Structures are given as C-alpha cells and as structure tokens.
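To start, the structure under review is shown below, and the notes come after it.
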Amino acid sequence: MSEPPSRRDHWKTGKPGLSTRCIHAGDHLDERGGIHTPLYNHSTFAFRSTQDLLDVVEGRAKGNLYTRYGLNPTIRSVEEKLASIEGGEQAWVFGSGMAAESATLLAHCKSGDHVVCIGDVYGGTYDLLATNLPNLGISTTFLLGSELGRLDDALKQNTRIVFFETPTNPSMEIFDIAAIAAAARRRGALTVVDNTFATPVNQNPLALGADLVIHSTTKYLGGHSDLTGGAVIGAAKLLEPISAWRKNLGQMMAPEVAFLLARSLRSLVVRVRAQNASAALLAERLARHPRVGKVNYPGLTGFPGHALAKSQMSGFGGMLSFVVNGDMKAAVAVVDRLKLFSIAPSLGGVESLVTQPVTTTHHGLTPEERARRGIVDGMVRLSVGLEEAEDLWADLEQALDTSR
Ligand code: PLP
C-alpha cells in the first residue's frame, strides 16, 4: 500500500491558486516537523563518505554541497517557491536584481551579439547595457515606447535578447508582452521581462510568451525594505547557462536572505492586492486635484495604456506617478511636506515612499533626454505601502494644499 501523502503534499492536489502556491510551494516537511523549510545558514555541507561526495559533485545524486553554487536547501526551497509563483520550470536567486540581470545577459550574449531594450528601464539596467556590456562587445539598441513601430528593424541577425519592463518607471508605460515576444521569437531572440513593478500577482509574462522573467526581489517580493536580492525564472534549459555565471561571478543570495524572502512571499498576494487598491484610490483622487496636471496609473480609464494593461494584467499595481503643476520647486515643496511618505528611491515595501525621478532614478540623464522620455521636473513617483489609504490621501492632500 502506498504511503498517504504527507500534509505538505496535500496543497498540490487540484490546481492550487496563487496564494496557496505562495505559502506552500518549496516548503517541505523536514524530519523535525518544522512548519517551514529551515534556515540552513551554512557555507558548506558534510558527507558520510568520499563516494557520497562524488555522487553529488558528478551529478548522480541531488545533494547539498556549497552555498555559492546554490546547493543549499534554503536557497533551493525559495527557488522552488518563486518558480511556482511565476509559473516557470525553474528559478535562480541572486544577491541583487542587478546580479540577476547581469548574469542573464552575460549567459545569453557573447561578443558580437546585440540586445534591444524597449522603453524606460531602471537606471542600473540602462547603465549596464549602455556602458558595461559594450566593453565586452555586446551592443544595445534603445527604443522608446513611441518608437516601438521600429522593433522589426531593430531586431538584427545577432539580436539575442529583447529586454523591457512593463509598466515602466516612472511613466507607467505599458507594452504588449505577447506581441513583442512573438516578434522577438520570429527573429530567434529571447524576450526577457523585468516584472519587478507588476509582480506575479498582477502579471505573468511567461504565460504571455516571454522566455525569462527577472525580479529585483528587493522590492515587492521582499516587500519590507529589509532585504536585497534578485531572481530569474523560466525554462530550465534557458536557466542552465545562467547558473555558471552566477557561480563564477559569486552572485549567490545569502541563505538568511533566502529565508527572509520565503517568509515575505507567503504574504505576497494580500500585500500586493491591498497596495493595488490603495494606489487606485490615490490615483483617482490625485487626478481630480487642481494642483495635479497628470497622473500616470494604468488603472485610470483615461490612461493611454489602460486597455492593454487590462488585457494583460490582473491588477494595476502599487506604483504611480503624477505631475505637480508648476516647476521643480513646486514639486519639491509637495514632497518635502509629506509626513507619511518617506523620501527614498526604492519601492514595493509596506511603507509608502516618494521620490522625484529628476533627483533619483533619472538624475543621470541630460535634461534633453529626460524631456524625450516625458520625465518633467514636476514629476513625483509614489510607491504605495500598506498604511490606511485614507491616511495616505490625507497626507498627500495636506502637502498639495499647504505648498501652494
Ligand atoms: N529592476 C527594477 C525595475 C528596479 O527598480 C531595480 C532597482 O531599483 C532593479 C531592477 C535592480 O534591483 P536591485 O537594486 O535589487 O539590484
């Protein structure tokens, strides 16, 4: 008679939903009955015999070996959880989002290869593509969202990767993942989507045809502004070459961070859905405020990307930006009067944050380049946290009303 499934396998019966996977995937009952996969905070693992060690080193057995290689149960556990949440075959975790991006680009591009980068991407991503990779013979064509009609021309024989974020930072531009992935596939290129802003709660790029999904887990997946990490998720055959770069560049996530990330992922769905709801409320009220010129939020019916966002996202996210009427000084006056929103460049945590793209994320661009991207001096970006939405609105309203 076969053994009844352990309590830890019951969750797999049927088609478990996202919250169920967030909580149970990757967590295996250990011999001491711990409710979660424990923190194996070890750099190395011991073997009973040389033969046992060789079985792992030579791939005959799936054992633990050395944490920098990813052969650590806490690391493997959070990777299994992430793969399940994004609907991918496999996931690798990294010490930061930039580590995940750089390993992915280095593993899939060699000297002479080409990348197409669409729309506004995180400043570090832009810097990597524009400054570091050309030194290795890897070139990038940058297309603004308004230039997407030139995608087919930009895709060359040697294009290996099409990279983009959707929604973008800070203008919340929306790109059609399925259409871009189809165009890239026709030319033999991989589509890599940075899903940090949307999160797997609101958008599943792999289901829409993307090949790889990247996260800065520092943001929503970590969710508490207390960890730095990254992840790449997709088919095992595409992840395999990335593993060697992660190992040899020493980009592994620390086990303590992996444990903390798994803790955070268990509450991802409720956090993000609450953040979606608060951001929608703030966006609607900001759009009606006389001191606000424009609100960028995919959930607003008048927003240019709304219809597309509705077709490929199940929620519109916790990020938004708006333009304070007037100049840079007017926007600074609003930001400096906020009491509940902290002035900080990150996003995705339980606490609400405010930043001005011109002073942080897009500070390094020339005024002309910012203008080309529609990033005006009065633009303010909000990462909406988990405080009461009415308290957040009261804070925004007092800052707008008293700074005139
Ligand atoms: N992708 C996006 C969209 C980001 O906002 C960031 C950082 O802000 C990164 C990637 C890089 O992540 P990390 O800071 O974890 O390296």
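The values are calculated or read from the model by the stated rules, or taken from the named source; none is laboratory data. Owing to the predicted nature of the structure, the values given are computational and were not obtained by experimental measurement. Heads up, the Cβs are rebuilt from the backbone with ideal geometry, glycines too, and the neighbour counts pull from every protein chain shown. The accessibility values were calculated without ligands, DNA or RNA, using every heavy atom of the protein model including side chains. Shrake-Rupley method; radii C 1.70, N 1.55, O 1.52, S 1.80 Å.
Some points to look at:
- Set side by side, the residues Val384, Val380, Val350 differ, and just one is open to solvent by 10 Å² or more (accessible area, probe 1.4 Å) and among the β-branched types (Val, Ile, Thr), which is Val350.
A quick yes/no check of all residues on (1) more than 22 Å from the chain's Cα centre (by Cα); (2) in a strand (DSSP E or B):
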position: Gly302; (1), (2): yes, no
position: Lys310; (1), (2): no, no
position: Gly317; (1), (2): no, no
position: Val376; (1), (2): yes, no
position: Arg381; (1), (2): no, yes
position: Gly385; (1), (2): no, no
position: Leu396; (1), (2): yes, no
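- Considering region 187-267, there are no qualifying strands (runs of 3 or more DSSP E) wholly inside with 3 or more residues that are surrounded by 22 or more Cβ atoms within 10 Å (Cβ to Cβ) and away from the ligand (no atom under 16 Å from the Cβ).
- Unmet requirement for Asp113, which otherwise passes all of (1) surrounded by fewer than 24 Cβ atoms within 10 Å (Cβ to Cβ); (2) under 13 Å from the mean Cα position of the chain (by Cα); (3) among the acidic types (Asp, Glu): (2)
- Odd one out for Pro170 among (1) within 16 Å of the ligand (Cβ to nearest atom); (2) assigned to a loop (DSSP other than H, G, I, E, B); (3) closer than 30 Å to Phe341 by Cβ; (4) at pLDDT 95 or above: (4)
- Each residue in region 327-343 was checked for being within 29 Å of Glu388 (Cα to Cα) and either open to solvent by 50 Å² or more (accessible area, probe 1.4 Å) or free of Cβ contacts under 8 Å to residues at least 60 places away in the same chain (or both), and 11 pass.
- In region 129-140, the residue that is nearest to the ligand (Cβ to nearest atom) out of those that are touching a residue at least 24 places away in the same chain (Cβ under 8 Å) and touching a strand residue (DSSP E or B) at 6+ places or on another chain (Cβ under 9 Å) is Leu129.
- If you go through region 166-185 and keep only what is within 9 Å of Gly119 (Cβ to Cβ) and either open to solvent by less than 10 Å² (accessible area, probe 1.4 Å) or in contact with a Cys (Cβ under 7 Å, 6 or more places away or on another chain) (or both), you end up with Thr166, Thr168, Phe175.
- Residue tally, condition away from the ligand (no atom under 16 Å from the Cβ), crowded, with 18+ Cβ neighbours inside 10 Å and within 21 Å of the chain's Cα centre (by Cα), over region 141-159: 1
- Look at region 101-128: where a residue is free of Cβ contacts under 8 Å to residues at least 40 places away in the same chain and a partner is of a type in the set (A, V, I, L, M, F, W, C) and away from the ligand (no atom under 12 Å from the Cβ), sitting 6+ places away or on another chain with Cβ atoms under 9 Å, you get Lys110/Leu136; Lys110/Ile138; Ser111/Leu136; Ser111/Ile138; Tyr126/Cys117; Tyr126/Phe142; Tyr126/Leu365; Leu128/Leu105.
- Residue in region 359-368 that is crowded, with 18+ Cβ neighbours inside 10 Å, more than 22 Å from the chain's Cα centre (by Cα), within 16 Å of the ligand (Cβ to nearest atom) and assigned to a loop (DSSP other than H, G, I, E, B) present: yes
- A count restricted to region 107-124 and to residues that are modelled with pLDDT of 95 or more and within 15 Å of the ligand (Cβ to nearest atom) stands at 3.
- Conditions (1) out of contact with any Ser or Thr (no Cβ under 6 Å at 6 or more places or on another chain); (2) open to solvent by 10 Å² or more (accessible area, probe 1.4 Å); (3) within 16 Å of the ligand (Cβ to nearest atom); (4) of a type outside the set (A, V, I, L, M, F, W, C): number failed by Glu397: (3)
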